[in-house]
Amino acid sequence: MHMIKTPSVSRRAVIRTGLAGLAGGVGAAALAACGETQVVTKEVPVETTVIKEVPVEKIVRETEVKEVPVEKIVTQQVEKVVTRTVEVKQVVEVPVEVEVEKVVEVEKIVEKVVEKIVQQAAERAPGIDIYNLDESVPIGAKPWDPKPGGEVSYMTFGNPTGFDPATWGGRSAEPAAVMYDLLYTYGSGNLIYPHLASDLPEPADDKLSWVIPLRNDVVFHDGEPFNADAAVFNFQRFLDPDLARGHVIRDVASMGSVEKVDDFKIRIHTPQPQSPPSFLHSIAHQHTGMASPKAVTDRGEAFSRDPVGTGPFKWSGVWEDDVKVVFDRNEDYNWGPSFLAHQGAPYPDRLRIQILGYNMTDNAAAFEAGEVDICLNWSFADYKRVSENAKYHVIGYAAPGMGQYMPLHTQLWPLDDLNVRKALLFGVDRRTVTVRANGGTAPLNISNLLVPGTIGRSAEAGELYTYDVGKANQILDEGGYAKGEDGYRYASDGRRLEISYPDRGDPVVELFKLDVEKNLGIFVDIPKMDGATHREGASKGLYHTTWIGVAAPSGDVMYDRFHTASYGGANRSYSFFEYDGVPESATPNAKIDGLLEAARASFDAEEAKALWEEAELYLMENAVAIPLVHDYLPWLTNPDRIGGELFLGIDYLPFFGQFYSTQE
C-alpha cells in the first residue's frame, strides 16, 4: 500500500487508552460475533512512579504470548511511558530517566477471546471479512491506487438535525464528520492520536487541569485561522448551560471551564481529577468538532444549515431533506492524523451522503442499485445475500464496550418495580430471539453489559441471570401480578402489565414481543416509529425500552449511559436509574455516579478496573438493562464504485479522506 510519509511521532504523540485490539464488539443488530486477537499476558505494575520526559525514537513493548483458559483481559494504564531504543526479551531494568521506588511483578493470565470469536464468525458467516474496529481495511482487498476526481457516496440514517457541533442530535455526527476535525481521535491500535492538537495534553500537578498544545497550520473552510481563540470559543459553547446543546453534553460532562494559555495552547479545567484515558476519551469523541467562530457568530441559527469546519470536505450548500447532503473537496486540507494512509486533501471532488431510513431491506436494495457506495446494514438476510455476490465486499467490524442491550426505564410503571425488571432478565429467551432475528445464525449471547475484552467487565455480574421461565413467573406471582383470563398479568389495582418498545426496524422487536407475552404474560406494545420521533420521546422517558449498543475500550463507556447527569437531554441514556428528575444534572449522592466518577478520577489502572466491575455489578443487580448479544457490524462496499480504505475508529465513523472513486 502506498503510504504518505509523515514526520516521526514521539511516544507522547499517542496514548493507549485501554486495551489495544480489544476483544469483541458492539453492533446495532443481533448479529454474529467477531474480532481480532491481541493478547497481553504479563503486567508489571508500578506502585509509585515519577516520570520525566525524554525524547524517544521507538516504542518498545515487552510481550509474552501464552494461551490459557480463563476469562480475563488485563491492561495497565499509565500516565506516560518513557523508554530508550532497546531490545527487550525479558523483564529487565531499562536505563531511562524514571525514578521507581518499587516494582512488583504480577503475572496476569488472559483468554484469547477474540481469536475464538473470529473463528466462530467465519464458520457462521462465510464471505464476510471480520476485523477489529481499530484496523484500516482496503476496500475490495485491493492495493492503494488513488485516482483524483469524481464522486463517492456514503449513507446516514434519517435527516440530520443540523450541523452545529454544539447543538446537533440524532445521527448528525455521521455526515458532519466529513466537515469537522477533533483535537484528538482514536486511531490504529485503539490509541489516541493528536489531530488538531499537536501533542498530548499535559496534566497539572493537582490533576485538575490540562494544557493542550494546538497545531499552527490549520485553517477553517472560510479562511479563518484555527488557534487557541477558536478552540476556547468552541469549548465555551459546548459548556454553556444556556445553549440548547445536543449530544456534546455527554462529552464535556466532566469538564469545568476552558481558557487560553497562548496563541496555540488552551487549558481545560475539570472539577475532579481524571486519568489521562478518561480525559482524552471525552475530547476524542465524535461531537467536539471545531467550528469557525466567525461563521457561527455571523450566521447565528443559520449556521446549523450553513456550516464551516476544518475537515477534508466542506459544505456545498446542497441539502435535500430526507434525500441527500453533498460536500465538496477541501483542497487546502493537509492535517489528517498520522496513522492514516493519506493525510492530505481528499481525492474525490464530491462526497454525497445519502439519507436512508431504518428498513434494512430497502437500504440493501439502494446499495445494490448503485445509489450508495458504502452502506451499513444489520439485517443478516440482506448483508449475507450481498456477501455472496463476488462484486461486493462486506466488511464486519467488532469492538469492545457494551454489547447490544435493551435499557429498561426504571422509573416508568411497571418497570419501576425491580421484581418486574428481574423477571424480564430471567424470562427473556435471548438466544432464541436473537437467533431467529439473525436468520438462524447463532450470535454470541451475553449476560453482562460489558462484552468480553472490555476493561472492567465483572465476571460476577454475568452470573446473576440465566434463562429460567419458571423463576421469572415465580417472581411475578410473588409480586402480586396475577394472570387474567386473557393470559396477561394484572396488578392488584387492575392495571394490565405492559411495556412499550417502539419499532424502528429493529430485527428483534417482534420476536421480543412474542417471547415476553408467551413466557411472562406481559403485553408488549410495538408502535411503528421513525428514528427522530423515537429519540425525542426516549430522551423524555416516554418508552420502556429500546435496542442499542456502544463501543469503547473500558468500563468508562457506562458513564454516558448510566451517570444520572446523562438523563433528560439529547443523550442515548434511557434507564433513568437513580435519576431525580432534573434534566442533565447529577442526582445528589447517587451511588452509580460515585462509582463512575471515582473510576474516571483514578490514576491507578487496577483501582479503576475494580470500580467499573463494581459499577457493572450494581447496575445488573438492579436490572437496568437486558444484555443481548456480542456483535459485529457489517458495512457493504462496492469496489467497482469506491476504493481506498475503510477505517472507523471507536465511534464507527469513517475517515472520509481515505476514499477515492473507482468509476470510469
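Each reported figure results from applying straightforward, stated rules to the coordinates on display, with no laboratory input. What you are looking at is a predicted structure, and each value in this text was computed from that prediction instead of being measured. Cβ atoms come from the backbone with ideal geometry, glycine included; neighbour counts cover every protein chain shown.
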With a cut-off of at most 15 other beta carbons within 10 Å, and DSSP calling the residue loop, which trypsin sites (Lys or Arg not before Pro) in the range 194-241 qualify? Please list them. none
Work from the charge dipole of the range 376-437 (Cβ charges, +1 for Lys and Arg, -1 for Asp and Glu, about the Cα centre) and give the residue of F380, G427, P400 farthest towards its positive end. F380
FRET efficiency estimate (nearest 0.05) - Cβ-Cβ, A390 to E463, R0 41 angstrom: 0.35
The size of the Cβ-based charge dipole (Lys, Arg +1; Asp, Glu -1) of the range 147-374 about the Cα centre, to the nearest 20 debye, is 300
Calculate, for K471 and Q411, the FRET efficiency according to 1/(1 + (r/R0)^6) with r their C-beta to C-beta distance and R0 30 Å; round to the nearest 0.05. 0.75
Remind me, relative contact order of the range 147-374 in percent, using alpha carbon pairs under 8 angstrom and six or more residues apart? 29
Percent RCO, i.e. relative contact order, over the range 390-543, from Cα pairs under 8 Å lying at least 6 residues apart: 23
Highest mean packing first, using Cβ neighbours within 10 angstrom, the peptides 448-455, 413-420, 187-194 sort as 448-455, 187-194, 413-420
For the range 147-374, take every pair of Cα atoms, bin their distances at 5 Å starting from 0, and report each bin as a whole percent. 1, 7, 14, 18, 19, 17, 12, 7, 4, 2, 0, 0
Please compute the modelled spin-label separation between E301 and E151, points set 7 Å along Cα→Cβ, answer in nm with one decimal. 3.1
Which of H269, H247 comes first, and how do the rest follow, when ranked by fewest Cβ neighbours within 10 Å? H269, H247
List the pairs from K314/K540; K422/K540; K422/K483; K513/K591 whose alpha-carbon separation is above 22 Å, in the order I gave them. K314/K540; K422/K540; K513/K591
When Lys and Arg each count +1 and Asp and Glu each count -1, what net charge do the other residues less than 14 Å away from Y465, Cβ to Cβ, add up to? -1
Over all alpha-carbon pairs of the range 330-378, lay out the pair-distance distribution in 5 Å bins, whole %, shortest bin first. 4, 18, 19, 13, 12, 15, 14, 3
In the range 451-533, the GluC sites (Glu not before Pro) that fall in loop regions by DSSP, at most 10 other Cβ within 10 Å: E485
Exposure proxy ranking, count of Cβ atoms within 10 Å, fewest first, for M290, M255: M255, M290
Show me 160-172, 652-664 ranked by packing, highest mean number of other Cβ atoms within 10 Å first. 160-172, 652-664
Kirkwood Rh and Cα Rg combined as Rg/Rh, the range 316-466: 1.07
